[in-house]
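In what follows, a structure is listed as structure tokens, so that the remarks can point back to it.
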Amino acid sequence: MNDTVMDDSRIRGLPKAELHVHIEGTLEPELMFELACRNAIELPFASVEEVRAAYEFDDLQSFLDIYYQAADVLRTEQDFYDLTTAYLERAHADGVRHAEIFFDPQTHTDRNIPFSTVVTGLHRALNEGEQRLGITALLIMCFLRHLPEESALSTLEEALPFRDWIVAVGLDSSEVGHPPEDFQRAFARAREAGFRVVAHAGEEGPPSYVWQSLDLLGAERIDHGVRSTEDPELLARLVRDAITLTICPLSNIKLRVFQQMSDHNLKDLLHEGVRATINSDDPAYFGGYIGDNFIAARDALGLSDNDIVTLARNSIEATFLDESSKQVLLDELARYLEVQGIPV
Ligand code: HPA
Ligand code: ZN
């Protein structure tokens, strides 16, 4: 049997990195109402309870429809600051020592919110969060794949003055029918400008989208990637090249990628030698932050203490931090295990 030392509080305390969280997906209904009030916006919901009741999804698209609509309450730099500060506080309570946070500039620039308003609010919150909470963070700008590549290219141009504030580019939104190969020019241009590269692939889309992300976009990590188990050659490639999958268990259940948590392939991937990590994706919509994701996966899949520590270690090793900063976090993890008496 699985003789676990890793109870809920030890899991929350475990030093870890979060690599797959959309800042727009951390908008809790309470803050949505507060911002709607502040910005004199009428919401199609009467109460926080009504909002939560609307969070029943059939698939990725049914979620995205609500998610993009809700983002309309984000108007000012202060709104983006407040959103990010709230996330950092939740992440801090779950032992997150470093976060690499997605934002979707086109969701905002398409509503005439300037790129600079978005990124300045995010950046100010991250700076202050580091001082106050000791969490470090980097920003990843995602291109919306349901929009044309031209829009991604012009977004990239808008980002260049803020190059130092953004570590990487990513690809998100409606996956099926929008293959990575459609964005080769935008990603080549981003790589030329010095951005690191990640991409959502293999969430609802086929293994070929994961191959394309790696081979045509130059992705260094794959966001989700859970459908990779359908292709043994792809799995071998992920293991050989130590490609990280940023897996989001509660998201995968809410969006019906797996019918129930006990069906999830996270443990299989981990035991195949894939560098898997656990993340929250859109925690305000999917029922929990990173700690809840670890706990739900542990309970349904019977993750061992060793599995849980491997997931935390993977998250640190897969960051875009430099080697010495990674080592500081790995040392912190080792100290935690020692103090807590966790034998691994
Ligand atoms: N997949 C694709 N796009 C997204 C997601 C996701 O899980 N969350 C927010 N945008
Ligand atoms: Zn995502």
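The values are calculated or read from the model by the stated rules, or taken from the named source; none is laboratory data. From a predicted model like this one, the values you see are computed outputs, not experimental measurements. All Cβ positions, glycine included, derive from the backbone under ideal geometry; neighbour counts span all protein chains shown. The protein model used for the area step is the full one, side chains on, heavy atoms only, and it has no ligands, DNA or RNA in it. Shrake-Rupley method; radii C 1.70, N 1.55, O 1.52, S 1.80 Å.
Structure summary
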| quantity | calculated |
| --- | --- |
| Filter result (touching an Asp or Glu at 6+ places or on another chain (Cβ under 7 Å), closer than 20 Å to H264 by Cβ and not small (G, A, S)) within region 281-328 | Y289, I290, I295 |
| Residue list for region 185-199, restricted to those being open to solvent by less than 70 Å² (accessible area, probe 1.4 Å) and either assigned to a helix (DSSP H, G or I) or aliphatic (A, V, I, L, M) (or both) | A186, F187, A188, A190, A193, V197, V198, A199 |
| Residues of region 80-96 classified as free of Cβ contacts under 8 Å to residues at least 60 places away in the same chain and either in contact with a Lys or Arg (Cβ under 6 Å, 6 or more places away or on another chain) or buried (at least 22 other Cβ atoms within 10 Å of the Cβ) (or both), total | 3 |
| Answer residue from region 269-292, given it is farther than 22 Å from S213 by Cα and open to solvent by 30 Å² or more (accessible area, probe 1.4 Å) and is nearest to ligand 1 (Cβ to nearest atom) among those | G287 |
| Where P249 falls short, out of the listed (1) at negative phi; (2) free of Cβ contacts under 8 Å to residues at least 40 places away in the same chain; (3) within 16 Å of ligand 2 (Cβ to nearest atom) | (2) |
| Single unsatisfied condition, H146 versus (1) under 14 Å from I23 (Cβ atoms); (2) open to solvent by 50 Å² or more (accessible area, probe 1.4 Å); (3) not in a helix (DSSP H, G or I) | (1) |
| Qualifying residue in region 217-227 (condition: under 29 Å from Y55 (Cα atoms), within 16 Å of ligand 2 (Cβ to nearest atom) and touching a Leu at 6+ places or on another chain (Cβ under 6 Å)) | yes |
| Residues of region 34-64 that turn out to be among the hydrophobic types (A, V, I, L, M, F, W, C) and outside any loop (DSSP other than H, G, I, E, B), as a count | 9 |
| Region 7-40 - residue that is more than 16 Å from ligand 2 (Cβ to nearest atom) and either of a type in the set (V, I, T) or touching a Gly at 6+ places or on another chain (Cβ under 6 Å) (or both) and, of those, nearest to L122 (Cα to Cα) | K16 |
| Residue satisfying condition, being assigned to a helix (DSSP H, G or I), among the polar types (S, T, N, Q) and within 20 Å of the chain's Cα centre (by Cα), within set N306, N314 | N314 |
| D104 vs. criteria open to solvent by 50 Å² or more (accessible area, probe 1.4 Å) and either closer than 24 Å to Y68 by Cβ or charged (D, E, K, R) (or both) | no |
| Odd one out for A99, checked against (1) in a helix (DSSP H, G or I); (2) open to solvent by less than 10 Å² (accessible area, probe 1.4 Å); (3) among the small types (G, A, S); (4) within 16 Å of ligand 2 (Cβ to nearest atom) | (1) |
| Matching residues in region 108-118 - criterion: being surrounded by fewer than 23 Cβ atoms within 10 Å (Cβ to Cβ) and either in contact with a His (Cβ under 9 Å, 6 or more places away or on another chain) or part of a helix (DSSP H, G or I) (or both) | H108, T109, P114, F115, S116, T117 |
| Contacts under 8 angstrom Cβ, first residue in region 254-277 being free of Cβ contacts under 8 Å to residues at least 40 places away in the same chain, partner assigned to a loop (DSSP other than H, G, I, E, B) and open to solvent by 70 Å² or more (accessible area, probe 1.4 Å), 6 or more apart | none |
| Scan of region 247-265 for residues that are outside any helix (DSSP H, G or I), open to solvent by 30 Å² or more (accessible area, probe 1.4 Å) and among the aliphatic types (A, V, I, L, M), ordered by number | V257 |
| Qualifying positions in region 227-246 - buried (at least 23 other Cβ atoms within 10 Å of the Cβ), within 16 Å of ligand 1 (Cβ to nearest atom) and either more than 14 Å from the chain's Cα centre (by Cα) or at positive phi (or both) | S228 |
| Subset of region 255-290 (residues that are in contact with a strand residue (DSSP E or B) (Cβ under 6 Å, 6 or more places away or on another chain) and over 22 Å from I243 (Cα atoms)) | D282 |
| Out of G205, G177, sole residue that is over 23 Å from T120 (Cα atoms), open to solvent by 20 Å² or more (accessible area, probe 1.4 Å) and not in a helix (DSSP H, G or I) | G177 |
